[in-house]
Amino acid sequence: MNVSDFDFELPERLIAQTPLADRTSSRLLVLHKETGETEHRTFTDLKQFLKPGDTLVLNDTRVLPARLYGVKADTGAKVELLLLKRLEGDVWETLVRPGKKIRSGAILHFGADDATGEPHLTAEVEAEGDMGARQIRFRYKGIFNELLDKLGTMPLPPYIKERLEDRERYQTVYSKHEGSAAAPTAGLHFTESYLKELQDAGIRLCWITLHVGLGTFRPVSAESVDEHEMHSEWYSVSEESAELLNRTKAEGGRIVAVGTTSARTLETIGQRSGDGPVSAGSGWTDIFIYPGYSYRVVDALLTNFHLPKSTLVMLVSALAGRENVLKAYREAVEGEYRFFSFGDAMFIV
């Protein structure tokens, strides 16, 4: 299976540059995975496709203001740093620009004290990886997250050119555990009041965590799907959440993953639990889901529209079938749906 099998034409004008004023006002394309039939709805119609006893699984990760702008200590040249993953203590996996000029041993400065001129954050490059990846060790005085909140900006994807005025619009309303380099964007459509409306209708909410990392920013460079290597991301599923997932299945309800990050987490614990009930746990996952994969836990998926030839298009194709998904995407393009992070939603049921 080739990566090119998941390509489609996408006019640039359909890439949503700003979020809608009302989170729930986006459109919803419903794809029935068994028949390939589609329906064109609004997001609040989601309730009509859920039933009491179903469980929505939401990723409560919170995006760090992880993009830092600074200078090289020796030359004063401008640099850009994107935090991807904390490795240990003050050591992080990052992306840097310009990568060719930031080598091992380089010292980077971010921010400066008004009185002394001393940098708020100092970073040393300890190791180099591919495509601009660097292992960085930070030195600072005070509390790292407070400095990051002061100095950092939201790491919006490169296809979004507009400035984001409100940081919270790139966070879900239920975001809790800081650690992501990108938002779990399917969850951006929910408001607290709409989640309560679903709960009042008998829909249960289940919280899991997956910190979105390096793989989100890297295109598939291989020609064959099975040659692509996914990067690992940290996840956590509590005992309470595992119990709710098992109870839902036992009672005949459906597990509805909100976003591909939730789907990947659920299928990770499904694989690690074998044929038995799912178990709580945390760790690193590099699960790669593409057609031929049989879902163990996820019954339905709420997601946004994804990049051509991306691993996320492959993931949804594994659930609904490649031809069904590409047909639905063609309809979305013809209907001028908004694509990607701030775009409209698709519900695969």
Output the residue which, of all residues in the range 207-237 that are among the polar types (S, T, N, Q) and closer than 12 Å to N59 by Cα, is least open to solvent (accessible area, probe 1.4 Å). T209
Report every pair of residues separated by at least 6 positions or lying on different chains whose Cβ atoms are under 8 Å apart, first residue within the range 281-295 and assigned by the TED database to the domain that holds H228 and surrounded by fewer than 17 Cβ atoms within 10 Å (Cβ to Cβ), second assigned to a loop (DSSP other than H, G, I, E, B) and among the basic types (K, R). none
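Assess whether L50 counts as being out of contact with any strand residue (DSSP E or B) (no Cβ under 6 Å at 6 or more places or on another chain), among the hydrophobic types (A, V, I, L, M, F, W, C), open to solvent by less than 30 Å² (accessible area, probe 1.4 Å) and touching a residue at least 40 places away in the same chain (Cβ under 8 Å). Let's see the steps before the verdict.
Working: out of contact with any strand residue (DSSP E or B) (no Cβ under 6 Å at 6 or more places or on another chain): yes; among the hydrophobic types (A, V, I, L, M, F, W, C): yes; open to solvent by less than 30 Å² (accessible area, probe 1.4 Å): yes; touching a residue at least 40 places away in the same chain (Cβ under 8 Å): yes.
In short, yes.
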Identify the residue in the range 141-173 that is among the charged types (D, E, K, R) and assigned to a loop (DSSP other than H, G, I, E, B) and, among all such residues, is surrounded by the most Cβ atoms within 10 Å (Cβ to Cβ). E162
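Is the range 60-74 home to any residue that is open to solvent by 70 Å² or more (accessible area, probe 1.4 Å), touching a strand residue (DSSP E or B) at 6+ places or on another chain (Cβ under 9 Å) and closer than 26 Å to F190 by Cβ?
no
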Here are some conditions: (1) outside any loop (DSSP other than H, G, I, E, B); (2) in contact with a His (Cβ under 7 Å, 6 or more places away or on another chain); (3) more than 26 Å from G283 (Cα to Cα). A222 meets all but one. Which one does it not meet? (1)
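Answer yes if at least one residue in the range 112-120 is in contact with a strand residue (DSSP E or B) (Cβ under 8 Å, 6 or more places away or on another chain) and either assigned by the TED database to the domain that holds S232 or of a type in the set (A, V, I, L, M, F, W, C) (or both), and no otherwise.
Here is the first cut: in the range 112-120, the residues in contact with a strand residue (DSSP E or B) (Cβ under 8 Å, 6 or more places away or on another chain) are 119-120.
Narrowing the set further to residues that are either assigned by the TED database to the domain that holds S232 or of a type in the set (A, V, I, L, M, F, W, C) (or both) leaves none.
No, the range 112-120 contains no residue that is in contact with a strand residue (DSSP E or B) (Cβ under 8 Å, 6 or more places away or on another chain) and either assigned by the TED database to the domain that holds S232 or of a type in the set (A, V, I, L, M, F, W, C) (or both).
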Considering (1) assigned to a loop (DSSP other than H, G, I, E, B); (2) buried (at least 17 other Cβ atoms within 10 Å of the Cβ), say which one F138 fails and leave the rest. (1)
Say we look at the range 75-100 and pick out the residues that are more than 28 Å from S232 (Cβ to Cβ) and of a type outside the set (S, T, N, Q); which of these is most open to solvent (accessible area, probe 1.4 Å)? K78
When the range 254-280 is examined, which residues are found to be in a loop (DSSP other than H, G, I, E, B), touching a residue at least 12 places away in the same chain (Cβ under 8 Å) and open to solvent by 10 Å² or more (accessible area, probe 1.4 Å)? R254, P277, V278, S279, A280
Right, V316: within 24 Å of H40 (Cα to Cα), of a type in the set (A, V, I, L, M, F, W, C) and surrounded by fewer than 21 Cβ atoms within 10 Å (Cβ to Cβ) or not? no
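Considering only strands (runs of 3 or more DSSP E) fully contained in the range 65-124, which possess at least 2 residues that are touching a helix residue (DSSP H, G or I) at 6+ places or on another chain (Cβ under 9 Å) and either of a type in the set (D, E) or at pLDDT 95 or above (or both)?
Working: elements: 67-72, 78-88, 91-97, 107-110.
It comes to 67-72.
The values are calculated or read from the model by the stated rules, or taken from the named source; none is laboratory data. It should be emphasised that the depicted structure is a prediction, and the values quoted were computed from it without experimental measurement. As a convention, Cβ positions derive from the backbone with ideal geometry for all residues, glycine included, and neighbour counts pool all protein chains shown. Accessible surface is based on the protein model in full, side chains and every heavy atom, while ligands, DNA and RNA are left aside. Shrake-Rupley method; radii C 1.70, N 1.55, O 1.52, S 1.80 Å.
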